[in-house]
Amino acid sequence: MNRSKKNNILLLFLAVIAGFSNLILAQNSDDLEGWSAVQLDVRASKKMTFSVSEHLRYRNDITTVSTYFTQIETNYEVIKDFELGLGVRFIKKNDDVGKKQGIESHFRYQFDASFKHDIKKIGLYYRLRYQNKNELGFSEDEGDIPKEQLRFQFGVGYKLLPISVVFKLKAEFFNTFVDKTVGNKIDRQRFTLSASRKFNRFGKIALFYRTQDNFNVEVKNTEVTVSKAILGFKYTYTLDLRKTKAPSNEL
């Protein structure tokens with residue numbers, strides 16, 4: 001491994017460690033949320049995959065339903081380890097704040113470009129995402145302005161072979177468009193620590209802990225930072241159509 005590659009890995013490692021420190025020291029969160037998901041992955045060919053998932057999220061110290069949604073995604077591997085993706089999300093949001101309350105319907109679509117590569121036992125992950133979200137049933141003239149965001153995520157993964165558990169540490173930064181152009185500052189950041197394990201013929205189970213900071217949130221005419229911690233669970237089952245025998249999960 002040349003010196004330049006070693007330096008790049010070291011810089012990424014230090015950045016992720018900084019995110020891990022943020023996770024451990026985040027004791028001043030304004031709320032604790034619970035996120036859960038069940039997902040079906042379908043490997044249609046060597047290069048193309050599809051997935052559908054159901055999500056449920058709670059807020060107010062995991063006592064109140066926040067949102068629930070269905071997400072459909074497809075990914076295509078353009079070259080080895082580099083994928084392009086497209087996803088849509090049908091969202092039901094529980095609005096229990098203000099004079100007008102109730103269940104709101106939202107729609108979101110996203111475009112992804114992701115890359116991953118392994119260096120010995122360490123996996124490195126990168127993803128750039130554009131997403132566009134708006135509330136259904138209202139036009140821009142009625143006040144529904146689509147929310148456009150650009151997101152960059154990077155992370156480090158390590159598989160602990162004795163117990164076949166993969167640990168990942170990821171950092172993600174959000175930039176919201178202003179007047180159809182990319183903003184000049186980060187308005188949200190996330191740091192996630194996860195552990196996952198695949199079980200043959202059963203699927204994959206993942207647990208994660210995440211912190212999220214929303215910057216420059218206007219509260220009573222004052223801009224503040226709103227932070228929250230998130231506990232999460234996800235179950236994924238993979239159906240591999242490339243196989244001629246009965247489908248099973250890979251480790």
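Looking at segment 147-155, is at least one residue in contact with a Lys or Arg (Cβ under 6 Å, 6 or more places away or on another chain), surrounded by 14 or more Cβ atoms within 10 Å (Cβ to Cβ) and of a type in the set (K, R)? Yes, the conditions are met somewhere in segment 147-155.
The residues in segment 81-91 that are over 22 Å from K170 (Cα atoms) and surrounded by fewer than 15 Cβ atoms within 10 Å (Cβ to Cβ) can be counted, and the count is 2.
For segment 126-141, does any single residue satisfy the condition of being of a type in the set (G, A, S), under 24 Å from S194 (Cβ atoms) and free of Cβ contacts under 8 Å to residues at least 60 places away in the same chain? Looking through segment 126-141, none of the residues is of a type in the set (G, A, S), under 24 Å from S194 (Cβ atoms) and free of Cβ contacts under 8 Å to residues at least 60 places away in the same chain.
Condition check ((1) exposed (fewer than 15 other Cβ atoms within 10 Å of the Cβ); (2) within 16 Å of the chain's Cα centre (by Cα)) across all residues:
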site	(1), (2)
I103	yes, no
D112	no, yes
D118	yes, no
N134	no, no
D144	yes, no
G157	no, yes
L161	yes, no
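Screening Y68 on (1) modelled with pLDDT under 95; (2) farther than 26 Å from K47 by Cβ shows it passes everything except condition (1). When Q27 is tested against (1) polar (S, T, N, Q); (2) over 21 Å from the mean Cα position of the chain (by Cα); (3) modelled with pLDDT of 60 or more, exactly one condition is not met: (3).
Can you give me the number of residues within segment 38-52 that are hydrophobic (A, V, I, L, M, F, W, C), surrounded by 15 or more Cβ atoms within 10 Å (Cβ to Cβ) and in contact (Cβ under 8 Å) with a residue 60 or more places away in the chain? Residues in segment 38-52 being hydrophobic (A, V, I, L, M, F, W, C), surrounded by 15 or more Cβ atoms within 10 Å (Cβ to Cβ) and in contact (Cβ under 8 Å) with a residue 60 or more places away in the chain: 3 in total.
Once segment 163-193 is narrowed to residues that are more than 15 Å from R210 (Cα to Cα) and among the acidic types (D, E), the residue that is surrounded by the most Cβ atoms within 10 Å (Cβ to Cβ) is D187. Out of all the residues in segment 72-91, is one or more free of Cβ contacts under 8 Å to residues at least 24 places away in the same chain and polar (S, T, N, Q)? Within segment 72-91 (the criterion being free of Cβ contacts under 8 Å to residues at least 24 places away in the same chain and polar (S, T, N, Q)), the answer is no, since none of the residues qualifies.
For segment 105-123, taking the residues that are hydrophobic (A, V, I, L, M, F, W, C) and at pLDDT 95 or above, the one that is farthest from V165 (Cα to Cα) is identified as F107. Taking segment 158-208 as the search range and keeping residues that are of a type in the set (D, E) and within 20 Å of V226 (Cα to Cα), which one is modelled with the lowest pLDDT? Checking each candidate, the answer is D187. Flag not set for Q71, criterion: of a type outside the set (A, V, I, L, M) and surrounded by fewer than 18 Cβ atoms within 10 Å (Cβ to Cβ).
The values are calculated or read from the model by the stated rules, or taken from the named source; none is laboratory data. Being a predicted model, the structure only gives us computed values, none of them experimental. Positions of Cβ are generated from backbone atoms using ideal geometry, with glycine treated the same way; all protein chains shown enter the neighbour counts.
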